[in-house]
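Asks: I have a structure I would like to understand better, so I am pasting it below and will then ask my questions one at a time.
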Amino acid sequence: MTTSSAPLAGKTIVLGVCGGIAAYKAVEVCRRLVDLGAHVAPVMTDGAERFVGRTTLSALASQPVQTSLWDEESPIPHTRLGQGADLVLVAPATARLLSAYAHGLAHDLLTNVLIATRAPVVVCPAMHTEMWEHQAVQANVRTLRERGVHVVDPEDGRLAGGDSGKGRLAAPDAIVAEVSSVLGQRDLAGAHVVVSAGGTREPIDAVRVIANRSSGKQGYAVADEARRRGARVTLVTTVDRPAPIGVETVCVETAAQMKAVLDGLAATADVVVMAAAVADFRPVSCTSGKIKKSGGVPEIVLEPTPDILAGLGAAKRPGQILVGFAAETGDLVAQAQSKLERKNLDLVVANDVSQPGVGFQHDTNAVTFVRPGGELESHPLSDKRDIARALLDIVVGLRA
Ligand code: C5P
């Protein structure tokens with residue numbers, strides 16, 4: 001018996017279970033979700049039924065297990081389930097399921113539900129290490145992430161058949177925490193969050209640019225996380241890759257273009273997160289056409305670009321939150337503190353890009369958050385999504 005004050009009361013969760021040895025853990029996930037007040041509608045694939053009995057899951061869930069598009073009472077069980085869901089959770093998600101979902105292949109009840117739903121989706125992959133590390137699986141996971149699907153990464157540990165390595169289904173605790181966070185955390189609802197991402201490119205001539213190694217991953221993670229927490233998000237990006245679902249994107253190339261767009265957006269934005277790596281210098285002029293080798297080594301004269309963030313800091317409205325990044329190779333905190341003051345910021349995310357796995361191009365980051373008054377908070381090497389979450393936790397705190 002649950003009460004309406006239970007954390008997930010009133011939420012309908014479709015729990016998809018695929019055929020993997022970890023299917024037995026889905027039973028525990030199901031029980032915990034029901035204990036938290038959720039209405040859990042279980043859907044099993046044919047493979048899942050080889051690992052756990054449908055009676056077990058039916059007994060613990062809020063309604064009987066469904067497995068087929070064809071033999072249920074409703075002629076359209078997938079749309080009914082998809083439309084009624086506040087969240088679709090797949091645990092465990094096999095390589096086959098990830099591939100079908102990434103490619104829009106709706107061939108059984110669960111994949112039909114995934115394609116039919118507009119609700120947030122959480123997938124929890126589980127498989128042998130070799131399969132998890134295969135390029136095709138990783139590409140599918142990337143595609144799903146880019147579309148806004150929440151992925152709870154598998155853990156390192158014992159696998160079926162006595163093997164061990166990365167690929168074990170995340171712990172039920174972690175899965176339930178992600179579901180609760182996706183369903184519950186709307187602490188940026190009503191806010192307009194503007195995020196910049198990627199490195200600017202400053203033209204030298206018709207074909208050459210001054211660029212940097214920024215991948216934009218950290219900015220994309222912040223944009224996605226802010227959207228997930230209910231914000232209206234505008235991503236100003238130099239990176240040619242799809243924005244997370246529900247995020248408005250403006251593509252720019254140079255610092256000047258980025259400044260023009262951001263100055264306009266910041267006039268009304270509640271939060272600006274300046275994750276882009278803006279070039280500090282640009283050629284004074286861009287040669288029309290291509291500079292020919294035959295003319296000898298060209299002399300390229302540089303000038304400073306406008307400091308976009310300093311401009312936003314000078315024009316900051318009361319209540320607006322400005323976040324800057326500081327990619328350093330030493331003297332991290334002192335540099336970040338000076339940036340905070342110089343640019344009139346509320347938070348600086350400082351990272352030492354000389355450390356392995358940190359900053360440009362990596363999926364991971366290790367940062368120190370620096371706030372006015374010298375307050376520090378360090379985050380060890382973790383996924384850029386975790387850093388995005390921690391960053392927005394601080395932003396939400398600053399807005400309160
Ligand atoms: O001063 P520094 O370039 O290290 O500051 C980094 C922060 O300032 C980042 O948030 C970056 O996006 C922003 N920046 C900017 N305009 C520039 C250079 C950096 O907005 N021209």
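The values are calculated or read from the model by the stated rules, or taken from the named source; none is laboratory data. Keep in mind the model is a prediction, meaning the values are calculated, not measured. Heads up, the Cβs are rebuilt from the backbone with ideal geometry, glycines too, and the neighbour counts pull from every protein chain shown. Heads up: the accessible areas ignore ligands, DNA and RNA and are worked out on the full protein's heavy atoms, side chains in. Shrake-Rupley method; radii C 1.70, N 1.55, O 1.52, S 1.80 Å.
Asks: Under a Cβ-Cβ cut-off of 9 Å, what is the net charge of the residues other than Gly167 that fall near it, where Lys and Arg count +1 and Asp and Glu count -1?
Replies: Within the 9 Å Cβ shell, the charges total -3.
Asks: OK, next. Hey, can you grab everything whose amide H is under 5 Å from the amide H of Val90? Only 5+ residues off in sequence or another chain; H modelled, so Pro and N-termini drop out.
Replies: Counting only residues 5 or more places away or on other chains, the set is Gly16, Val122, Val123, Cys124.
Asks: Next question. Residue by residue, what Karplus-based ³J(HN,Hα) values in Hz, rounded to whole numbers, does segment 256-271 have, using 6.51, -1.76 and 1.60 with θ = phi - 60° and x for Gly and Pro?
Replies: Each residue's phi maps through the Karplus curve to give 5, 5, 4, 4, 4, 5, 5, 4, x, 5, 5, 4, 10, 5, 8, 9 Hz.
Asks: Please list the non-local residues whose amide H lies under 5 Å from the amide H of Ala277, H modeled 1.01 Å from N, same-chain partners needing a gap of 5 or more.
Replies: Gly198, Gly199, Thr200
Asks: Still on this structure: Take the Cα gyration tensor of segment 192-399, multiply each eigenvalue by 5, square-root it, and list the three semi-axes largest first, rounded to whole angstrom.
Replies: In descending order the semi-axes read 29, 19, 17 Å.
Asks: Once amide H atoms are built 1.01 Å from N in the peptide plane, which residues 5 or more positions from Ser215, or in another chain, come under 5 Å H to H?
Replies: Gln361
Asks: Can you work out ³J(HN,Hα) from phi for every residue in segment 21-28, in order, using Karplus 6.51 cos²θ - 1.76 cosθ + 1.60 and θ = phi - 60°, giving whole Hz and x for Gly and Pro?
Replies: Listing the rounded values in order: 4, 6, 4, 4, 6, 4, 5, 5 Hz.
Asks: What is the spread of the Cα atoms of segment 172-295 along each of their three principal axes, largest first, in whole Å?
Replies: For segment 172-295, the Cα spread along each principal axis is 65, 35, 21 Å.
Asks: With a 10 Å radius around each residue's Cβ, average the other Cβ atoms per peptide and rank 312-324, 267-279, highest first.
Replies: 267-279, 312-324
Asks: Another one. Per the Kirkwood formula on distinct C-alpha pairs, the Rh of segment 151-230 is how many angstrom? Can you show the working numbers first?
Replies: Working: mean 1/r = 0.0611 Å⁻¹.
When all Cα pairs of segment 151-230 are included, the Kirkwood radius is 16.4 Å.
Asks: Could you please state how large a percent of the accessible area of the chain is carbon and sulfur, counting protein chains only and using a 1.4 Å probe?
Replies: For the chain, the apolar C and S fraction of the accessible surface comes to 52 percent.
Asks: Of all beta bridges DSSP finds with both residues in the chain, what is the antiparallel percent, to the nearest 5? Walk me through the numbers before you get to the answer.
Replies: Numbers: 18 of 60 bridges.
Given both bridge residues lie in the chain, the antiparallel proportion sits at roughly 30 percent.
Asks: Whenever you get a sec, line up Cys251, Cys286 from highest to lowest accessible area (probe 1.4 Å, protein heavy atoms).
Replies: Highest to lowest solvent-accessible surface, that is Cys251, Cys286.
Asks: Step through the table entries Lys339/Lys384; Lys343/Lys384; Lys166/Lys259; Lys217/Lys339; Lys217/Lys316; Lys316/Lys384, compare each Cα-Cα distance with 32 Å, and write down the pairs that go over it.
Replies: Lys166/Lys259
Asks: Something else: Could you give log10 I(q)/I(0) at q = 0.06, 0.07, 0.09, 0.13 Å⁻¹ for the chain, computed by the Debye formula over C-alpha point scatterers of equal weight, without solvent?
Replies: Treating every Cα as an identical point scatterer, log10 I(q)/I(0) equals -0.29, -0.39, -0.62, -1.08.
Asks: With contacts defined as alpha carbon pairs under 8 Å and 6 or more residues apart, what's the relative contact order of the chain in percent?
Replies: Worked out over the chain, it gives 11 percent.
Asks: Continuing with the same structure: Quick one: Cα centre-to-centre distance for segment 220-297 and segment 20-61, in angstrom?
Replies: 44 Å
Asks: May I ask you to evaluate 6.51 cos²θ - 1.76 cosθ + 1.60, the Karplus curve with θ = phi - 60°, for each residue of segment 46-54 and list the ³J(HN,Hα) values in order in whole Hz, giving x for glycine and proline?
Replies: 4, x, 4, 5, 6, 9, 10, x, 5
Asks: Additional query: With every protein chain left in place, what is the accessible area per residue of the chain in square angstrom, probe 1.4 Å?
Replies: 45 Å²
Asks: Using alpha carbon centroids, what distance separates segment 320-389 and segment 66-141, in Å?
Replies: With segment 320-389 and segment 66-141 each reduced to a Cα centre, they are spaced 37 Å.
Asks: Another one. Could you work out the Rg to Rh ratio of segment 19-77, with Rh taken as the Kirkwood radius (inverse of the mean 1/r over all Cα pairs)?
Replies: The Rg/Rh ratio comes out at 0.97.
Asks: Please list Ser164, Ser288 in order of solvent-accessible area, largest first, computed with a 1.4 Å probe with all protein chains present.
Replies: Ser288, Ser164
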